[in-house]
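Chemist: Sending over a structure as structure tokens; questions will come in a sec.
Throughout, read-outs are computed from the coordinates displayed, never taken from laboratory work. These numbers come from a predicted model, not from an experiment. Don't worry about glycine lacking a Cβ; one is built from the backbone with ideal geometry, like all the others, and counts go over all protein chains shown.
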Amino acid sequence: MRFLDEIRQPNDVKKVPEDSLKALAREIREELLRVTGTNGGHLASNLGAVELTIALHRVLTFPEDKLIWDVGHQAYVHKMLTGRRNAFSGLRQENGISGFPKRRESPADAFDTGHSSTAISAALGMVAARDLRGTKETIVAVVGDGSITGGLAMEAMNNASGLKSNLIVVLNDNERSIAENVGGMANYLAHIRTSNNYLKLKKDVENSVRKIPAVGNQIFDRMKVSKDSLKRFFVPGMFFEDLGFTYLGPVDGHDIGQMIDVFEDAKRMEGAVLVHVITRKGKGYRPAEDHPAKYHGVPPFSVKTGEIKECTDTMTYTEVFSEALVRMADLDGRVTGITAAMPFGSGLYDFSRRFPERFFDVGIAEEHAVTFAAGMAASGMRPVVAIYSSFLQRAYDQILHDVAMQNLPVIFAIDRAGLVGQDGETHQGIYDVGFLSTIPGLVIMSPRNGQELVHMLRIAMTMDGPVAIRYPKGAVPDTLAVRNLLTAPDTFRKPLSAPAHFPFLPGQNEILARGSGILMMATGAMVETARKTAEILEKEGMRPTLVNIRFLEKADLGLLRYMQQDHRVLVMIEEVVEAGSYGERLAAAALEEKLPYTVVRCALPDGFVEQGTVSEQRKRYGLTPEMIADRIREVYGKD
């Protein structure tokens, strides 16, 4: 009998005999490995949260009680235990279940998450709503030891300090987020882990004192008056207690029985309670235990061997950025690298090894990362903030107010720009052009291949103001040429601030093919899509002009004027939402100048893009060469 097979709806886990919960945990880990081995996904974090999730589900009742997972990387087990086991094989697939909590999937998912440090704020809002309604449901936020360092989490904890009704925050402490945690909070939690277990000590003291004949209960009641002094002696710093939380822990996050007892205690308390749970990321699967960062978010892999199939013949955009930045830092001691807790994903790991004194991991704190970079730039350095497009959204005010308003030379290396596939709505890099293009003085570049990325980094180093370079996830189309460029003696030269022999200058876009009738423009990864579209049209006798748009902050009005004599259809192809897109600015410029173009804007609709492979997403939204050719053909024939 498999216990997991009997869990068909929320709360069925309560029917599993207590002495069978360990067997259930084993079955869940087998299922996690089977599905992520086939589909890819967030593995190590979910393996570490198996017993924690089982314990929470034994204590809570769904959907009445509310469980909010910070980020949501570790919510796979929760999905299995709330009626989605049979759908789990479709994890992260088109039309399948999401890799993150989704309210539309199940009433047991209390809040959609995907970015860090939001859970405590959301939970506190739910507590306030509960109290206004006068209901009694239990509300729990599960937050990691990396996420709890984020500014939003700290703001929420500060706000919770005066809470008079119950809120439970479970601190899932596995000693790391994606990379190893940094900063004062990480050091503080490490100190607690190695200190005496206060919770066990408290129970032992209480049991012993109450056993004293006649006076035991009276003595213990008096001891409670001075409990703060006692806790300050045994628990270093008492940071959480000083914020107004009752601190319980540390608790073994793989001991289901111990966690159930503590969670039941926490439910009965008034005010905000923090339960500190120690887990091991990757628990139960040796490759993930030994290399949790490698197995954080994995493509399909061999469960038997742990082998992740990686293509070694091609370079990714991230790798090109990484190598180029190291080369530039070799020549200029002002170059610094800044990441918000993602040295591996952002491409700064090699930089950190080569220049440890110039590498700064500020933790999960994107806003701080940007203003920190602004302070560096104002002091004569050349900071490079390497960050995913979807995470840069969190620092809009800092880019506008602290960087651009002072015209500081901060370089934003924006990875995962455009569609990213199976992580779904929260991770698509399709909004950055829209919000960055509203910022005065910010130069926005987008390379169509690896060579252009190298040149754009070089150009950015010569500019006196802020620059954003956005590039996609995945392999560059010109690996051999990039490798030759990176190793060529003339590519990098001293001083970096002096103009070198660049193949293009700031603001200069590129005409790749000269035709007539159809003026087709594209940017970044979509240039290749545009080229294939042109090939389709050429077979039908049309000869489109193809332009690579490298600079996105303002429409290339000079090019529009130049081409108006022999072009009547203007097409812009880009992998961003239409609102705020380059195509929107092109159309506005053509209208204002009364240029005789019929405009076709090929972009994503103004909404949220659900999961699927990038090719599936492009097909869904009409961004394949064949679908674009159909749109152009229809307009060109009518014009």
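Chemist: Could you give the Stokes-Einstein D for region 510-638 in µm² per second, using the C-alpha Kirkwood radius, 10 °C, 1.306 mPa s?
Modeler: Result for D is 108 µm²/s.
Chemist: Between Leu557 and Asn95, what's the calculated FRET efficiency when r is the beta-carbon distance and R0 is 60 Å? Round to 0.05.
Modeler: Efficiency for this residue pair is about 0.90.
Chemist: Okay, moving on. In debye, nearest 20: dipole of the chain around its Cα centre with unit charges on the Cβ of K, R (+) and D, E (-)?
Modeler: In total the dipole reaches around 740 debye.
Chemist: While we're looking at this one, here's another question. When all C-alpha to C-alpha distances in region 1-128 are sorted into bins of 10 Å, what percent of pairs does each bin hold, rounded to whole numbers?
Modeler: Percent of pairs per bin, in order: 13, 47, 33, 6, 0.
Chemist: Cross-link list Lys22/Lys267; Lys14/Lys619; Lys66/Lys619; Lys22/Lys164: which exceed 32 angstrom alpha carbon to alpha carbon?
Modeler: Lys14/Lys619; Lys66/Lys619; Lys22/Lys164, as the Cα separations exceed 32 Å there.
Chemist: Shifting gears a bit: As a test of the definition: which semi-axes, in Å, follow for the chain when you take the square root of five times each eigenvalue of its alpha carbon gyration tensor? Largest first, please.
Modeler: Square roots of five times the eigenvalues give 50, 28, 22 Å.
Chemist: Also, quick follow-up: Mind sorting Lys304, Lys22 by how few other Cβ atoms lie within 10 Å of their own Cβ, fewest first?
Modeler: Least crowded to most crowded, the residues run Lys304, Lys22.
Chemist: Using only Cα atoms, find the angle between the long axis of helix 450-462 and the longest principal axis of the chain, and express it within 0 to 90 degrees, rounded to the nearest 10.
Modeler: That works out to roughly 90 degrees.
Chemist: With N denoting the number of residues in region 58-161, provide Rg(C-alpha) divided by 2.2 N^0.38 Å, to two decimal places.
Modeler: For region 58-161, the normalised Cα radius of gyration is 1.10.
Chemist: Right, another one. List the trypsin sites (Lys or Arg not before Pro) within region 72-144 that fall in a DSSP loop (any state other than H, G, I, E or B) and whose Cβ has at most 14 other Cβ atoms within 10 Å.
Modeler: Arg103, Arg104, Lys136
Chemist: Here's another thing I want to ask about it. Using just the helices of the chain, give the 222 nm mean residue ellipticity in deg cm²/dmol: DSSP H runs with n ≥ 4 each add -39,500 (n - 2.57), and the total is spread over all residues, rounded to 500.
Modeler: After summing the helix terms and dividing by the residues of the chain, the value is -11000 deg cm²/dmol.
Chemist: For region 44-100, state which chymotrypsin sites (Phe, Trp or Tyr not before Pro) are in a DSSP loop and have at most 15 other beta carbons lying within 10 Å of their beta carbon.
Modeler: Passing both the DSSP loop test and the Cβ count: no residue.
Chemist: Let me ask another. Report, in cubic angstrom per residue, the convex hull volume of the C-alpha atoms of region 304-432.
Modeler: Hull volume over Cα atoms, normalised by residue count, gives 129 Å³.
Chemist: Enumerate the amide H contacts of Val571 below 5 Å, restricted to partners 5 or more residues apart or on another chain; note that Pro and chain-start residues carry no placed amide H.
Modeler: Leu519, Met520, Met521, Val600
Chemist: Using the count of nearby Cβ atoms within 10 Å as a rough guide to exposure, how do Asp70, Asp290 rank from fewest to most?
Modeler: With the sparsest Cβ surroundings first, the list reads Asp290, Asp70.
Chemist: Under 5 Å between amide hydrogens, which residues at least 5 positions from Tyr388 or on another chain qualify, with H placed 1.01 Å from N in the peptide plane?
Modeler: Asp415
Chemist: Quick one: order His254, His291, His73 by neighbouring beta-carbon count within 10 Å, fewest to most.
Modeler: Result, fewest neighbours first: His291, His254, His73.
Chemist: If you don't mind, there's one more thing I want to ask. Over what distance in Å are the Cα centres of region 305-380 and region 1-57 separated?
Modeler: Spelled out, the Cα-based centre of one part sits 37 Å from the other.
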